[in-house]
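Presented below is the structure to which this report refers.
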């Protein structure tokens, strides 16, 4: 069990800190609205990964289904990243406001994290690969496999929470002008990620 916990913790730390739409969204919401808002994104990611793991392990036709609709999933992910990118790129905030929690704010944050994570087909195939490697190598027993996934999910959430907490410290350094450029930078990153995802989808579905 100790090996499963250690392997899960290491996997979660790596997966939770990989640069991508999720991490940059956590950074942005934490700096703009406070670290608890970043935790909302992290919670959405946690729920998404939990669903992906269940889908991979319980659905015998899961891979075939994902492969069949992979193009549509990629298009949805690209669209989400482009929308987030342009919203940030052309944001016209003239001042920095740190609002208190609003009705529906938690739902929006969790949904954003869930969609950013779920609509990236790479995440499904990542969990598929991890599960297949572990099962084919008989590295863990069934019970320890559950422990591994639990430790991985917990560490992904913890890693994103730590990123969120320390990102908030940058708020003291930000003024309206710097915040404007920060949002533009995040917007450009989202658009670049969308282009990268689109290019990967193009090579997969239209080349060869």
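The values are calculated or read from the model by the stated rules, or taken from the named source; none is laboratory data. The structure displayed is predicted, hence computed values, not measured ones. Cβ coordinates were reconstructed from backbone atoms using ideal geometry, including for glycine residues, and neighbour counts include every protein chain displayed.
Here are the numbers for this structure:
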quantity: Filtered residues of segment 186-201 (kept if free of Cβ contacts under 8 Å to residues at least 60 places away in the same chain and closer than 17 Å to residue 125 by Cβ); calculated: 196, 199
quantity: Cross-chain or 6+ apart pairs with Cβ under 9 Å, segment 164-177 first and more than 23 Å from residue 44 (Cβ to Cβ), then part of a loop (DSSP other than H, G, I, E, B) and at pLDDT below 65; calculated: 174/96; 175/96; 176/93; 176/94; 176/95; 176/96
quantity: Of all residues in segment 109-121 being part of a helix (DSSP H, G or I) and under 22 Å from residue 8 (Cα atoms), the one that is modelled with the highest pLDDT; calculated: 114
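Residue-wise test of (1) buried (at least 16 other Cβ atoms within 10 Å of the Cβ); (2) at pLDDT below 75; (3) part of a helix (DSSP H, G or I); (4) in contact with a strand residue (DSSP E or B) (Cβ under 8 Å, 6 or more places away or on another chain).
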{"position": "65", "(1), (2), (3), (4)": "no, yes, yes, no"}
{"position": "73", "(1), (2), (3), (4)": "yes, yes, yes, no"}
{"position": "78", "(1), (2), (3), (4)": "yes, no, yes, no"}
{"position": "85", "(1), (2), (3), (4)": "yes, no, yes, no"}
{"position": "88", "(1), (2), (3), (4)": "yes, yes, yes, no"}
{"position": "97", "(1), (2), (3), (4)": "no, yes, no, no"}
{"position": "123", "(1), (2), (3), (4)": "yes, no, yes, no"}
{"position": "127", "(1), (2), (3), (4)": "yes, no, yes, no"}
